[in-house]
Every structure is written in C-alpha cells, then in structure tokens.
1. Pick from region 357-403 the residues that are free of Cβ contacts under 8 Å to residues at least 24 places away in the same chain and of a type in the set (S, T, N, Q): which of them is nearest to Thr186 (Cα to Cα)?
2. Would you confirm, using the coordinates I've provided, whether Ala33 is in a loop (DSSP other than H, G, I, E, B) and either under 20 Å from the mean Cα position of the chain (by Cα) or closer than 21 Å to Phe138 by Cβ (or both)?
3. Please find, among Arg409, Arg347, the residue that is modelled with pLDDT under 90, surrounded by 14 or more Cβ atoms within 10 Å (Cβ to Cβ) and in contact with a Ser or Thr (Cβ under 7 Å, 6 or more places away or on another chain).
4. Checking the structure you have, find out if any residue of region 143-152 is assigned to a helix (DSSP H, G or I), of a type in the set (D, E, K, R) and assigned by TED's automatic domain parsing to the domain that holds Tyr166.
5. Check Gly258, Gly263, Gly246 and return the single one that is in contact (Cβ under 8 Å) with a residue 60 or more places away in the chain and surrounded by 21 or more Cβ atoms within 10 Å (Cβ to Cβ).
6. Across region 210-255, which residue is modelled with the lowest pLDDT among those that are of a type in the set (A, V, I, L, M, F, W, C) and farther than 30 Å from Phe61 by Cα?
7. For Lys127, are the conditions met, namely being crowded, with 17+ Cβ neighbours inside 10 Å, assigned to a strand (DSSP E or B) and of a type in the set (Lys, Arg)?
8. Looking at region 372-393 only, could you name the residues that are charged (D, E, K, R) and crowded, with 18+ Cβ neighbours inside 10 Å?
Amino acid sequence: MSSNSSESEKVQFDEIKGKKLPQKFNYLKDKVAIVKVDDYQPENIKNALKSIFELLEIKDFFNKKSILLKPNALAPSKNAMTPPELITELIKFLKNETNTKEIVVGDSTFTKTITSLTFKRSKIKEKCEELGSKTINFFESERIKIKLDNPPHEIEEYIYLPKEIYDADLIINLPKLKTHEGYVYTGAIKNLFGLLANKMRMHMTHKDKTDFQRMLADIYFAVEETNDKNVPKVFTIMDAVMAMEGKGPRAGKPKKIGLMIAGFNPAAIDIVGYTLMNGNPSDLDVITSLANRTSLIIDINQLKILGIDNYEDFIVKDFKKPKIATVKKDRIPKEGLRSKISEKMTRISIKIKRKNCLLCEECVNHCPAEALERKNDKIIVDRGQCIECFCCGESCPNDAISAKFYLFRILPVILVILAIGTFALIWFLLQLITSFF
C-alpha cells in the first residue's frame, strides 16, 4: 500500500477507559472486501484472493513476513471446516504473489488426537507438506502468558497463547460462516478460540454465555498484545462460499452464499457475516464486545464495503438460524418471580436422538462439565450439571445431539395441563348453570 493511502486511513486515537487506543486498531478497521466466488475450484479461489488483495491494497503488507494460517478445523468435513482448497490456494498465492518469508497452518479442536486426525483426514497436512509448509497442533505448543493491557480486558486479564502466535508476524484468520446451536453464530472472532489449548477450563470458568462471548473478544486483543507495530496482526478471510445453516457448527446444512469476506477488524467481518444471515449483529455480545473496544459502529451501513455494489442483494432472508437464541444477561431481571421465569425460558436443554446415537462416547469425553454419562446403553444428560456450552453437539459425529429452549421441551406438558384445566373449568361452569334450572 502506498504511503499516501496509509496516511489517509489514519484516525485520531480513541479514548477507552482513559487510555488511548493503539493506532493499529484504526488501520482499515471499517473497510471490508466482499468478492463473489461460485465454488471451490482452484482458479475461482485464486481470482477471489487476488481481488481481495487489490481491493484492500495490501499486497505489500505481506512482504518478508512469517505468516500463520488459522483455519476452522472442527471436523474433516467440507461443510464444517475451512475448505482445504482455500488453505492450499492461499499458500500458493502468498508464495507466488508476495515476498512471504514463511507460512505455517495451526489449530486446536477438542483434543490433541482429534486435531491431528482432522489435519490428516482432510488432507490439509499432506497438501501443506507438498507446498513446503507445516501444520501445527497447538496442543503440542509451548504457551506464552499474555497480559491484556490496552484496550483493557473485560473477562480474562491473562490469556495463554501458543508460542507460534507470538513468533508470527501476521495471523491470517480463516473462519467459515456458520450457525452455532450454543451461541447462534460462529465466525471471525469465535474462530480465534481455536488458539487455546485450555478450552475446557474456559467453558467451565465462563458458564454465562455473555461472559463467554466477551472472553472470545479478549483472545483477539491478546493476539494483538504480541504485536508492537502500528498495523494489526490479525487479517481475516471468511469463507461464505458455502455457509452452514441450522444445526451448526457441525451438523447443519450447507447454504450457498457465494462470497468471501475479508478485512482487518474481526468485528467488521462478523457484522457483515451475521447480516448476510439475516441477523442483527447488535444481538451478539461477541460482536458488540470487540466492536465497542475498537470504536467500531455496529452497523453494516457504516462500513466501507468494497467489491460489490449492494450487500442487500446477498442477504439470505430464509437463512435457518438455530431455534435457540443468546439472551443478553442485562436484559434478564436480576431477582423476583420474573427472574426465575426468564431463567427457565432462556435455559437450553440438550436432547439426545437415540436413533442417531452411535454410543461412541465422544460427547461424554468432551463435556467440560462432565454432565453426560453412558448408562444402560444410553447417553444420559444431567441437566443440573449442564452448562449449555454445546461441546457435546460439536463433537458428535452423527447429528445425534440438538439444543432447544427448556421451555419448548416442557411446552407440551404445559399445554396438556392448560387443556385439562380449561375443560375442568367449563365442566364446572356447566354444572353450576344447570343447578339453577
């Protein structure tokens, strides 16, 4: 990028809790490149990447940099993970079109073994090695303790990151646009959760969904704390060519949007992503937490969209989001009868579909709260122990687990009671009336 262009993007420091926000958070923070991509054919991906770099004028940004690619490697399925085609074409593009020093690919899912198997079965490991890049399982990495200082943390003051993140000059975040039955939506910010090896502890420590989502934003700022330059360390390219709707992040259905979305501020990417899913970004704490701390207005119309004329043409009106919703903590009364009713209404209930269950016990092994157990050839859920993180659903290989509001589970019982009560009342009134005649 030319120096004149860089100067034009500079904005005065913002004040957050009495501290000046570092200049790097203002770098192209409201610019988002959106390019059309029909499918995952190598030539189409290559052309899309070229367009992204040209629209944002960032080709020189990658010169002589050590780069770590962070895909979503949840499971070896094209619908559930960042497509291997995107990863390999990005490596080729960076090697051929920029003067990149080194490229590695890293992630962590539920366990060290599952992460390694995902890299192997998806052939990411094999293809990376063919291109001279290596894959990193973050469960095997040395951890560096990072203190969040500017902007201040909201939930976690210290975050432990892999040493490879500290050593890299640039992180290219490669999320996939998906729904999430535990948190409604998973995108650019949530994908950085894969940098942590202590996910189970984080789920148990932050059982409240609002706190958990704000903690996800803390992870992004921890990554940027390893960066002392005036430009960001995280650059995001989101795969929305084939998104996932319904029972995400693993068992949902593919939904074609035909786009790639790229930029430096993960909150801006998620504002676009969730808007395309016909959602309101202000409803999700994961977006508001990061956007507020980088002084980004949560409104797609306030972003500088590059590459397409009208984003509204790509909003999927019938996009199927999970039948649960993340309710902001500050909207629930703190005490009294209304508080108890609200707590029951917004509580999520985990349901095991017996006909789909393979009894593989993946859900049992990956539940942070140890709320599931195998008993009499069935998986039993301890609803009092469940923290509603939906790790069980993410780990299930056969779509045997779903999440519903607790209210929906007991609704049939409530309706039966109301019907019986109504019938009894009518019968009583009829008896009372006939007694006068």
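The values are calculated or read from the model by the stated rules, or taken from the named source; none is laboratory data. Everything numeric here is computed off the predicted structure, so don't read it as measured data. So basically every Cβ, Gly included, is an ideal-geometry build from the backbone, and we count neighbours across all protein chains shown.
1. Within region 357-403, the match that is nearest to Thr186 (Cα to Cα) is Gln385.
2. Working: in a loop (DSSP other than H, G, I, E, B): no; either under 20 Å from the mean Cα position of the chain (by Cα) or closer than 21 Å to Phe138 by Cβ (or both): yes.
No; evaluated as a whole, the condition is false for this residue.
3. Arg409 is the lone residue from the list that is modelled with pLDDT under 90, surrounded by 14 or more Cβ atoms within 10 Å (Cβ to Cβ) and in contact with a Ser or Thr (Cβ under 7 Å, 6 or more places away or on another chain).
4. For region 143-152, residues assigned to a helix (DSSP H, G or I), of a type in the set (D, E, K, R) and assigned by TED's automatic domain parsing to the domain that holds Tyr166: absent.
5. Gly263
6. First, the residues of region 210-255 that are of a type in the set (A, V, I, L, M, F, W, C): 212, 215-217, 219, 221-223, 231, 234-235, 237-238, 240-244, 251.
Next, from what is left, pick out any that are farther than 30 Å from Phe61 by Cα: 212, 244, 251.
On the way: Phe212: 93, Met244: 96, Ala251: 88.
Taking the candidates together, the pick is Ala251.
7. On the way: crowded, with 17+ Cβ neighbours inside 10 Å: yes; assigned to a strand (DSSP E or B): no; of a type in the set (Lys, Arg): yes.
Spelling it out, it is not the case that Lys127 is crowded, with 17+ Cβ neighbours inside 10 Å, assigned to a strand (DSSP E or B) and of a type in the set (Lys, Arg).
8. Result: Glu388, single match.
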